[in-house]
Amino acid sequence: FEATSIEKPNRPIYLDLQATTPTDPRVLDAMMPYLTQQYGNPHSRTHAYGWEAEKAVEQARANIADLIGADPKEIIFTSGATESNNISIKGVARFYKSNKKHIITTQIEHKCVLDSCRVLAEEGFDVTYLPVKPSGLIDLNLLAETIRPDTSLVSIMTVNNEIGVTQPVKEIGQICRSKKVFFHTDAAQAIGKIPVDVNEMNIDLMSISGHKIYGPKGVGVLYVRRKPRVRVEALQSGGGQERGLRSGTVPTPLVVGLGEACRIAKEEMEYDAKRVKKLSQRLVDGIMEKVQHVVRNGDPSASYPGCVNLSFAYIEGESLLMALKDIALSSGSACTSASLEPSYVLRALGADDDMAHSSIRFGIGRFTTEEEVDFVVNKVIQHVDKLREMSPLWEMVQEGVDLKSIQWSQH
């Protein structure tokens, strides 16, 4: 019997780290025992199988709390950041609805935050969607002015998933605390990448996702502050696990994986951050040196360097993605990548539709190499040139025609 080797096709270089991250091998190692011999239900209180699973879950809870400066009792396990966002926004709004009817968020939040707010609007709540400046940052004065006596919650993400812009979370938290309004932040793209401390930043609720920090998919965390206490109406009824906020058997292997991912992230955050910054600079400089008319979306100084969003004027982002088939990239959020609408995040920044349509998001992470970055830079230069040569608009620009002045005929 001869083992036949299957030819592994050459897979594209992975630069879509905002969509998901690969599971760190150390995370898989930590999970394995709980997928095999130690398969107990962590809520079974009468035997060793349950006790060992519960112990592992509590160790993970401590590791996660340690990463964000929280108390382990404030960590609630969920299926991911989407669920954590839903529980935070709907849960707080509904719990305090008798005297508070107003919620504040921004125009560039993740879809699950915007959709949760839309559901609340249909239930009779009043939602304010704050605009952002062209840099992608919110205006703190506008936020302070928008808070009303009947505002229960402000929900603003820490790091944006499309453009990497990092909001001034600490200042937002101070404003909310001073006005006695709860502050929720979707920190899925921030945790493990930049330092986050819930006390220093006055965060009352925070959403975390396992698969954005080299952990498993299908698990997340909701941080819920205990002092001052945040009350939340549960969305899911059942056996009362996770302080009654999220019933359902806690998935031990996934939780152990997330705990290990957080432990590693805390240990290696500084090292990872330096590496990612260096690779990010190499990517941006490499492309900008050789290609004209490239715009970096979002404030470069207030952004997480591992998320680089570039617009290449006079070409379609989709056609560039197709040309770069040996690189896994996207033109925006994975959740909305099937629609041909220009990104609502870039539109909120005031980008023209044509520039919003020509944007590509590059994600750089823990396992990205210099060779990969150089390969990507060369491919981008090559294909942008090729696509522009085929574009009549590019030809007109080269001849000095101002495209804004053209009256296109309306059919």
Exercise for the section: State all residues of the range 327-377 that are at pLDDT below 95 and charged (D, E, K, R); if no residue qualifies, say none. Expected result: 341, 347, 352, 353, 354
Practice task
Please specify each residue of the range 281-320 satisfying the condition of being crowded, with 22+ Cβ neighbours inside 10 Å, in a loop (DSSP other than H, G, I, E, B) and aromatic (Phe, Trp, Tyr).
Solution key: 304
Handout entry: Pairs where the first residue, in the range 72-84, is farther than 19 Å from residue 161 by Cα and the second is open to solvent by 10 Å² or more (accessible area, probe 1.4 Å) and of a type in the set (S, T, N, Q), C-beta under 8 Å, 6+ apart
Key = none
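Give me the residue from the range 98-133 that is over 19 Å from residue 232 (Cα atoms) and of a type in the set (Asp, Glu) and, out of that set, surrounded by the fewest Cβ atoms within 10 Å (Cβ to Cβ). Let's see the steps before the verdict.
First, pick out the residues of the range 98-133 that are over 19 Å from residue 232 (Cα atoms): 106-111, 122, 128-133.
Narrowing the set further to residues that are of a type in the set (Asp, Glu) leaves 109, 122.
Working: 109: 25, 122: 8.
Only one residue fits best here, namely 122.
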Exercise for the section: Please name all residue pairs, on different chains or six or more residues apart, with Cβ atoms under 9 Å, provided the first residue is in the range 383-396 and is over 20 Å from residue 325 (Cβ atoms) and the second residue is in a helix (DSSP H, G or I) and open to solvent by 50 Å² or more (accessible area, probe 1.4 Å). Expected result: 393/354; 395/389
Fill in the blank from the handout: Residue set 88, 79; condition among the hydroxyl-bearing types (Ser, Thr, Tyr), buried (at least 21 other Cβ atoms within 10 Å of the Cβ), closer than 28 Å to residue 263 by Cα and out of contact with any helix residue (DSSP H, G or I) (no Cβ under 8 Å at 6 or more places or on another chain); output residue 88
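Do we have residue 69 as modelled with pLDDT of 95 or more, at positive phi, of a type outside the set (D, E, K, R) and open to solvent by 20 Å² or more (accessible area, probe 1.4 Å) here? Step through it out loud before you land on a result.
On the way: modelled with pLDDT of 95 or more: yes; at positive phi: yes; of a type outside the set (D, E, K, R): yes; open to solvent by 20 Å² or more (accessible area, probe 1.4 Å): yes.
Taking the combined requirement at face value, the residue satisfies it.
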Completion exercise
Those residues of the range 200-221 which are out of contact with any Lys or Arg (no Cβ under 9 Å at 6 or more places or on another chain) and part of a loop (DSSP other than H, G, I, E, B) amount to 215, 216, 217, 218, 219
Problem - Condition check for residue 52: out of contact with any helix residue (DSSP H, G or I) (no Cβ under 8 Å at 6 or more places or on another chain), in a helix (DSSP H, G or I) and within 21 Å of residue 196 (Cα to Cα) - result: no
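Report those helices (runs of 4 or more DSSP H) wholly inside the range 339-411 carrying at least 2 residues which are of a type in the set (Asp, Glu) and loosely packed, with under 15 Cβ neighbours inside 10 Å. Talk me through it step by step, then tell me what you get.
Numbers: elements: 344-348, 353-357, 370-389, 392-398.
Ranges flagged: 370-389.
Being in contact with an Asp or Glu (Cβ under 9 Å, 6 or more places away or on another chain) and either part of a loop (DSSP other than H, G, I, E, B) or among the β-branched types (Val, Ile, Thr) (or both) is the filter here; which residues of the range 97-117 pass it?
Those that are in contact with an Asp or Glu (Cβ under 9 Å, 6 or more places away or on another chain) and either part of a loop (DSSP other than H, G, I, E, B) or among the β-branched types (Val, Ile, Thr) (or both): 97, 99, 100, 101, 103, 108, 109, 110, 113.
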Handout entry: the range 18-41, subset hydroxyl-bearing (Ser, Thr, Tyr) and farther than 15 Å from residue 192 by Cα, residue surrounded by the most Cβ atoms within 10 Å (Cβ to Cβ)
Key = 34
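Criterion first (open to solvent by 30 Å² or more (accessible area, probe 1.4 Å), under 24 Å from residue 25 (Cβ atoms) and of a type in the set (A, V, I, L, M)) does residue 273 satisfy it?
yes
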Practice task
Tally the residues that are under 23 Å from the mean Cα position of the chain (by Cα), under 22 Å from residue 200 (Cα atoms) and not hydroxyl-bearing (Ser, Thr, Tyr), restricting the search to the range 221-258.
Solution key: 4
Exercise for the section: Can you confirm whether the range 30-45 contains a residue that is under 22 Å from the mean Cα position of the chain (by Cα), among the small types (Gly, Ala, Ser) and either under 30 Å from residue 325 (Cα atoms) or not in a loop (DSSP other than H, G, I, E, B) (or both)? Expected result: no
Problem - All positions within the range 175-216 that are open to solvent by less than 10 Å² (accessible area, probe 1.4 Å) and of a type in the set (Ser, Thr, Tyr) - result: 185, 207, 209
Practice task
Go through the residues of the range 373-390 one by one and say whether even a single one is out of contact with any helix residue (DSSP H, G or I) (no Cβ under 7 Å at 6 or more places or on another chain) and over 20 Å from residue 289 (Cβ atoms).
Solution key: yes
Practice task
With the condition kept exactly as written, say whether any residue in the range 73-81 is β-branched (Val, Ile, Thr) and part of a helix (DSSP H, G or I).
Solution key: no
Practice task
Scan the range 130-166 for residues that are under 17 Å from residue 101 (Cβ atoms) and acidic (Asp, Glu) and jot them down.
Solution key: 150
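The values are calculated or read from the model by the stated rules, or taken from the named source; none is laboratory data. Bear in mind the structure is a predicted one, so any value in this text is a computation, not a measurement. Backbone-built Cβ (ideal geometry, glycine too); neighbour counts: all protein chains shown. Heads up: the accessible areas ignore ligands, DNA and RNA and are worked out on the full protein's heavy atoms, side chains in. Shrake-Rupley method; radii C 1.70, N 1.55, O 1.52, S 1.80 Å.
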